[in-house]
Amino acid sequence: MERAELKATETIESNHPAVVQFAARHAADATGEVEQAVGLFYAVRDGFRYDPYQIDLTIAGMRASTTLEIERGWCVSKAILLAACCRSIGIPAKLGFADVRNHLSTERLRQRMRTDIFYWHGYTEMLLDGTWLKATPAFNIELCEKFGLLPLEFDGRGDSLYHPFDAGGNRHMEYVNQRGTYSDLPLEEIIQTFREVYSFGDRKPEPGAASFDEDVERETGR
């Protein structure tokens, strides 16, 4: 029986042609699963801009193939894409979630959320050399440079988790609650929490037609 961490799901589309092609391309020159996983991590981290304004909490919006198509995503959708890529080449992968106090934000997002706690922050866990490792591909390198953050690296040997401080020594990220790991996306649980704490009344709680990239550039001057 195929293990759950290798199966394709509605959102973790490890058998989708576009996902299979993307994963194969970025793992082609690697020697062994560790190098493959590292290559996939950087391909997802830097190939897709982090955008918390364009959240689509529908099955279609959360699919790995959708993130590939629109070339941007937020922490959960990018974690889904990385998990799908890993599964497509035979690396067991699952989704991990935590509540984090995130000091990287924009004024628009702070007003919309009314809290600095990001509930259901998503990352990927993958099984490499018999060990489950955490990998967080959310923030692309350009965003890190604009905010003065230390980019998250991944070597396939240890966990890749947010730094507590940024490059200037300022508080950046705090993990306040671990929600565990899932072999598939717990979408309804995420939606319920978002409705309770953010007062999001629908499945697409983006702040209108605003641009996250433009807000970041305006607020950071970079």
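How do 88-94, 26-32 rank on mean C-beta neighbours within 10 Å, highest first?
With the highest mean Cβ count within 10 Å placed first, the list reads 88-94, 26-32.
Please report the base-10 log of the normalised intensity I(q)/I(0) for the stretch 47-137, using a Debye sum with one equal scatterer per alpha carbon and no solvent, at each q in 0.10, 0.12, 0.18 (1/Å).
Values, matching the q order: -0.28, -0.39, -0.83.
FRET efficiency for TYR198 and ALA28, Cβ-Cβ distance as r, R0 = 30 Å, nearest 0.05?
Efficiency at R0 = 30 Å is approximately 0.15.
Computed FRET efficiency, Cβ-Cβ of ASP116 and THR220, R0 22 Å: what is it to the nearest 0.05?
Computed FRET efficiency for ASP116 and THR220 comes out at 0.80.
At a Cα cut-off below 15 Å, give the aspartates and glutamates reachable from LYS94, other chains included and same-chain residues fewer than 8 away excluded.
GLU2, GLU5, GLU10, GLU13, GLU125, ASP159, ASP184
Given points 7 Å out from each Cα along the Cα-Cβ axis, report the THR58 to GLU188 separation in nanometres with one decimal.
Each label point lies 7 Å from its Cα, and together they span 1.9 nm.
When the chain is fully extended, how far beyond the present Cα-Cα distance does SER211 get from GLU145, taking 0.36 nm per residue of separation?
Value of the extension gain: 22.0 nm.
Could you tally the net charge around LEU6, taking each other residue with its Cβ under 11 Å from the Cβ of LEU6, Lys/Arg +1 and Asp/Glu -1?
Surrounding charge for LEU6 is +2.
Would you mind working out the accessible area per residue for the stretch 1-108, using a 1.4 Å probe, and quoting it in Å²?
Numbers: 4150 Å² over 108 residues.
So the stretch 1-108 comes to 38 Å² accessible per residue, rounded to a whole number.
Relative contact order for the stretch 1-73 using alpha-carbon pairs under 8 Å, separation at least 6, rounded to a whole percent?
Across the stretch 1-73, relative contact order equals 35 percent.
The values are calculated or read from the model by the stated rules, or taken from the named source; none is laboratory data. Given the structure is predicted, the values throughout are model-derived calculations rather than measurements. Positions of Cβ are generated from backbone atoms using ideal geometry, with glycine treated the same way; all protein chains shown enter the neighbour counts. The area values use the complete protein model at the heavy-atom level, side chains included, leaving out ligands, DNA and RNA. Shrake-Rupley method; radii C 1.70, N 1.55, O 1.52, S 1.80 Å.
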